[in-house]
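The values are calculated or read from the model by the stated rules, or taken from the named source; none is laboratory data. Not measured: the values here are computed from a predicted model. Cβ: placed from backbone, ideal geometry, glycine included. Neighbour counts: every protein chain shown.
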Amino acid sequence: MFMQTKRFTKINDGFICSQCGKENSPLKGGCRDHCRFCLGSSHVDTFPGDRDNLCGGVMSVIGIDYKSKKGYILLYRCLKCGEIKRNKTANDDDFESLRSFFSSIPYKAPR
Ligand SMILES: [Zn+2]
Ligand SMILES: [Zn+2]
C-alpha cells in the first residue's frame, strides 16, 4: 500500500554508495548526503535530505568552496540533468579523498 501523504521530510539513513559500493552509516547530527569514502553523491534530494528528486543521476564533485561559518562545501554537478548542488562536508568524510580533491580541482565555486 502506497501512501499518498508525504512520507518523509528528512531521511538520514545509511546507504550503499552507487559509485564505490561501500556502505555508509547514518551521520550523527546531520544528514548523510554523499559518500564519505569517495565523496560521490546521487541526485535524490530537492532539499537536503528529502529524497524527493526523481532524477537519480550521478553527482560528481566539481569544486570546493569554503565558508567560515560552515566549513568546506562540496560542489556537485549532476551528470544527468546538469543541476549544481552544494553539500557540506561531514566530520567523518575520508580526509584523504578530500585532500586529493583540494589539490586536483579549483577552490572557487562557479557562478
Ligand atoms: Zn562512494
Ligand atoms: Zn539530476
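Could you please let me know if Asn53 is outside any loop (DSSP other than H, G, I, E, B), within 16 Å of ligand 2 (Cβ to nearest atom) and among the polar types (S, T, N, Q)? Reasoning before the result, please.
Working: outside any loop (DSSP other than H, G, I, E, B): no; within 16 Å of ligand 2 (Cβ to nearest atom): yes; among the polar types (S, T, N, Q): yes.
Judged against the criteria, Asn53 is not a match.
State which residue is nearest to ligand 1 (Cβ to nearest atom) when the search covers only the stretch 66-98 and only residues that are part of a loop (DSSP other than H, G, I, E, B), polar (S, T, N, Q) and out of contact with any helix residue (DSSP H, G or I) (no Cβ under 8 Å at 6 or more places or on another chain).
Asn91
Any idea which of (1) at pLDDT 90 or above; (2) surrounded by fewer than 18 Cβ atoms within 10 Å (Cβ to Cβ) is the one Gly71 doesn't satisfy?
(1)
When you look at Gly56, is it at positive phi, without any contact (Cβ under 8 Å) to a residue 40 or more places away in the chain and away from ligand 1 (no atom under 16 Å from the Cβ), yes or no?
Values: at positive phi: yes; without any contact (Cβ under 8 Å) to a residue 40 or more places away in the chain: yes; away from ligand 1 (no atom under 16 Å from the Cβ): no.
Judged against the criteria, Gly56 is not a match.
Being at pLDDT 90 or above, away from ligand 2 (no atom under 14 Å from the Cβ) and more than 12 Å from the chain's Cα centre (by Cα) narrows it down to one of Glu23, Glu83, so name that one. Step through it out loud before you land on a result.
Numbers: Glu83 fails: away from ligand 2 (no atom under 14 Å from the Cβ).
Result: Glu23 is the single residue among Glu23, Glu83 that is at pLDDT 90 or above, away from ligand 2 (no atom under 14 Å from the Cβ) and more than 12 Å from the chain's Cα centre (by Cα).
Going by the structure shown, is Gly63 modelled with pLDDT of 85 or more, in a strand (DSSP E or B) and either more than 15 Å from ligand 2 (Cβ to nearest atom) or exposed (fewer than 11 other Cβ atoms within 10 Å of the Cβ) (or both)? Full working, then the answer.
Working: modelled with pLDDT of 85 or more: yes; in a strand (DSSP E or B): yes; either more than 15 Å from ligand 2 (Cβ to nearest atom) or exposed (fewer than 11 other Cβ atoms within 10 Å of the Cβ) (or both): yes.
Considered against the rule, which asks whether it is modelled with pLDDT of 85 or more, in a strand (DSSP E or B) and either more than 15 Å from ligand 2 (Cβ to nearest atom) or exposed (fewer than 11 other Cβ atoms within 10 Å of the Cβ) (or both), Gly63 comes out as yes.
Report, ordered by the first and then the second residue, all pairs with beta carbons closer than 6 Å, sequence separation of six or more or different chains, a first member in the stretch 8-19 that is among the aliphatic types (A, V, I, L, M), and a second member that is at pLDDT 75 or above.
Ile11/Arg51; Ile16/Glu23
Could you please give the count of residues in the stretch 33-50 that are in a strand (DSSP E or B) and over 12 Å from the mean Cα position of the chain (by Cα)?
If we filter the stretch 33-50 for residues that are in a strand (DSSP E or B), which is where we start, we get 41-42.
Subsequent filtering for residues that are over 12 Å from the mean Cα position of the chain (by Cα) retains none.
The total comes to 0.
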